[in-house]
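**Student:** Can you read through this structure? Questions will come right after.
The values are calculated or read from the model by the stated rules, or taken from the named source; none is laboratory data. Note that the structure is predicted; figures quoted are calculated from it, not measured. Positions of Cβ are backbone-derived with ideal geometry, glycine not excepted, and every protein chain shown enters the neighbour counts. These area figures cover heavy atoms from the full protein model, side chains too; ligands, DNA and RNA do not enter into them. Shrake-Rupley method; radii C 1.70, N 1.55, O 1.52, S 1.80 Å.
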Amino acid sequence: MAREKVASERGTKIPYARHWIDQEDIDAVTAVLRSNWITTGPAVRAFEEAISGYVGAGHGVAVSSGTAALHAATYAVGIHQGDEVIVPSMTFAATANAVVFQGGRPVFADVQADTLLIDPADVEAKITPKTKAIITVDYTGHPCDYDELKSIAERHDLKLIADSCHSLGAEYRGTRIGTLSDLTVFSFHPVKHITTGEGGMVVTDDPGLTRRMRIFRNHGITTEHRQRSESGTWYYEMVDLGYNYRITDFQCALGMSQLRRLPDLLARRREIASSYDEAFAGIPQISPLLVREEVSHAYHLYVVRVGDDGRGIGRDAVYRALRSKGIGANVHYVPVHLHPFYQERFGTKLGMCSVTEAAYEEILTLPLFPQMSASDVDYVITSLREVLA
Ligand SMILES: *Cc1c(COP(=O)(O)O)cnc(C)c1O
């Protein structure tokens, strides 16, 4: 594929992330577009079975985005007005928004400084009688400490939801992400491991939660159009307030086709990450995040901390210098508790998650996507060296 063309289309030589669509993907989508069902059809169920099968979970519910999947999850576990849900602040806003959609209050937990993953000790410290659930985030693709988090959830009778939008294909103590919590959420946005354009899925072993989410994504109606069409009935019942969070069959056809390449995509991500690791071992100002021994990392993102060199060359200067060299460096994330919405609505403020806030000053996301060539990787490394020299 002509990667140079990709670069010029984007205006940035090397973006931080990019989807990869091949001819097989296009053929798979085209075939479904020519079929009888372009939404709520057989490709949706096939994709649900393929993803849940891949991660080893009993059921999958495909929806229109990762955000819709998070919302289905907070709905399914019964988050209501006044309920508290503990979430990390080092995440994309949607993780916390999914709590607010249900009228709940996100309570922000701090992260561990070495991995930037939710700190189980801070989770436990923030549990109150109103706490109903914990949402973990496998930040960058590194699984959280699920043994510890599961035991906290069990001790306090809380539901555990994994926002695993970064960690499709990651493993924790030899188990693939997808069965380590009550509900696990994936996103198929173009920057993620595999894409459906927009799309998401919740996987679970619980048939009751699955039923609730299937109804929720379809306006709160208990049967789908295809079921009614097949059984020849027009009657349906709306039993709860739901949304139209459905995903189309042609999106799911794309997802199925992409999933076939996932092992190769993951391998390439890991290969690029190890090239970065090796190069940065010799640069004292650049510290990659710690990777724990018990995990297999999915590398959605490659994040480093940029220390200050004492002459004012820190993260912001490095970010700007890389951008000027056509490298689409980025910062993931602005701590959620510092967004104006959360400050105004929930009274969150600076000082509430000090490890997250300190990390936010230093973190930098470097380009990482499977179609990056070896020379792209070298260019990023060389440019970073030059900027720091
Ligand atoms: C991408 C992402 C989401 C939202 O997914 P969309 O598919 O874009 O709605 C939620 N949480 C995290 C951590 C993400 O990275």
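**Student:** Quick check on segment 131-216: what does the Kirkwood estimate of hydrodynamic radius come out to from the alpha carbon pairs, in Å?
**Tutor:** Computed over segment 131-216, the radius equals 13.4 Å.
**Student:** Mind listing P(r) for segment 279-344? All alpha-carbon pairs, 5 Å bins, whole percents.
**Tutor:** Here the calculated profile for segment 279-344 is 3, 12, 17, 21, 19, 14, 9, 3, 0.
**Student:** Mind running the shape call on segment 229-386? Use the C-alpha gyration tensor, a ≥ b ≥ c as the square roots of the eigenvalues: rounded below 1.5 for a/c, prolate if a/b tops b/c, oblate otherwise.
**Tutor:** Values: a/c = 2.73, a/b = 1.48, b/c = 1.84.
Taking the square roots of the gyration eigenvalues as a ≥ b ≥ c, segment 229-386 is oblate.
**Student:** By its C-alpha gyration tensor, with a ≥ b ≥ c as the square roots of the eigenvalues, how is segment 195-246 shaped: rounded for a/c under 1.5, else prolate for a/b larger than b/c, else oblate? Display every interim value, and only then the final one.
**Tutor:** Values: a/c = 1.79, a/b = 1.46, b/c = 1.22.
Prolate, since a/c reaches 1.5 and a/b exceeds b/c.
**Student:** A further question on this structure: How much accessible surface does E171 have with a 1.4 Å probe, in Å² rounded to 10?
**Tutor:** Taking all protein chains as shown, E171 has close to 60 Å².
**Student:** Over all directions, what mean area does the Cα convex hull of segment 90-242 project, stated in square nanometres? Please report the intermediate quantities before stating the final value.
**Tutor:** On the way: hull surface 42.8 nm².
Average projection, Cα convex hull of segment 90-242: 10.7 nm².
**Student:** Output the antiparallel fraction of DSSP beta bridges having both residues in the chain, as a percent to the nearest 5. Mind dumping the intermediate values first?
**Tutor:** Working: 25 of 42 bridges.
Roughly 60 percent of the beta bridges in the chain run antiparallel, per DSSP.
**Student:** Okay, next question. For A133, which sequence-distant residues (separation of 5 or more, or a different chain) have an amide H within less than 5 Å of its own amide H, given hydrogens modelled in the peptide plane?
**Tutor:** I86, K159
**Student:** Lysine pairs, Cα distance under 18 Å, 8 or more residues apart or cross-chain: how many in the chain?
**Tutor:** Within the chain, the lysine pair count is 10.
**Student:** Let me ask another. Per the helix-only calculation at 222 nm, which mean residue ellipticity applies to the chain, given -39500 (n - 2.57) for every DSSP H run of n ≥ 4 and division by its residues, nearest 500 deg cm²/dmol? Each step should come with its number before you reach the end.
**Tutor:** On the way: 14 runs with 157 residues, N = 389.
Here the helix-only value at 222 nm equals -12500 deg cm²/dmol.
**Student:** Starting from the amide H of T248, placed 1.01 Å from N in the peptide plane, find each other amide H under 5 Å away whose residue is 5 or more places distant or on another chain.
**Tutor:** Close amide H contacts, sequence-distant or interchain: none at all.
**Student:** Provide the FRET efficiency to the nearest 0.05 for the L241-R270 pair, computing r from the beta carbons and using R0 = 30 Å.
**Tutor:** For R0 = 30 Å, the calculated efficiency reads 0.10.
**Student:** Further question on the same structure: Relative contact order for segment 227-317 using alpha-carbon pairs under 8 Å, separation at least 6, rounded to a whole percent?
**Tutor:** 19
**Student:** Classify segment 190-303 as rounded, prolate or oblate from the Cα gyration tensor: take a ≥ b ≥ c as the square roots of its eigenvalues, call it rounded if a/c is under 1.5, otherwise prolate when a/b beats b/c and oblate if not. Each step should come with its number before you reach the end.
**Tutor:** Working: a/c = 3.67, a/b = 2.69, b/c = 1.36.
Verdict is prolate for segment 190-303.
**Student:** Which three numbers, in whole Å and largest first, are the semi-axes of the equivalent ellipsoid of the chain derived from its Cα gyration tensor as √(5λ)?
**Tutor:** Numbers: eigenvalues 241, 151, 59 Å².
Output for the chain: semi-axes of 35, 27, 17 Å.
**Student:** Before anything else, pin down the relative contact order of the chain: Cα pairs under 8 Å, at least 6 apart, normalised by residue count, whole percent. Write out the running numbers ahead of the final one.
**Tutor:** Numbers: 797 pairs, mean separation 88.0, N = 389.
Relative contact order of the chain: 23 percent.
**Student:** What part of the accessible area of segment 21-136, given as a whole %, is carbon or sulfur when the probe is 1.4 angstrom?
**Tutor:** On the way: 2280 of 4160 Å².
Carbon-and-sulfur percentage of accessible area, whole number: 55.
**Student:** Using Cα pairs under 8 angstrom and six or more residues apart, how large is the relative contact order of segment 141-272, in percent?
**Tutor:** Working: 174 pairs, mean separation 24.2, N = 132.
Contact order relative to length: 18 percent.
**Student:** Here is a follow-up. Between segment 263-318 and segment 200-228, what is the C-alpha centre distance in whole Å?
**Tutor:** Centre-to-centre (Cα) distance: 39 Å.
**Student:** Shifting gears a bit: How much area per residue is accessible in the chain when the probe is 1.4 Å and only protein heavy atoms are counted (Å²)?
**Tutor:** Details: 16300 Å² over 389 residues.
That works out to 42 Å² per residue.
**Student:** So for segment 28-169: antiparallel DSSP bridges make up what percent, rounded to the nearest 5? Mind showing how you got there, number by number?
**Tutor:** Numbers: 1 of 14 bridges.
Beta bridges within segment 28-169, antiparallel portion: roughly 5 percent.
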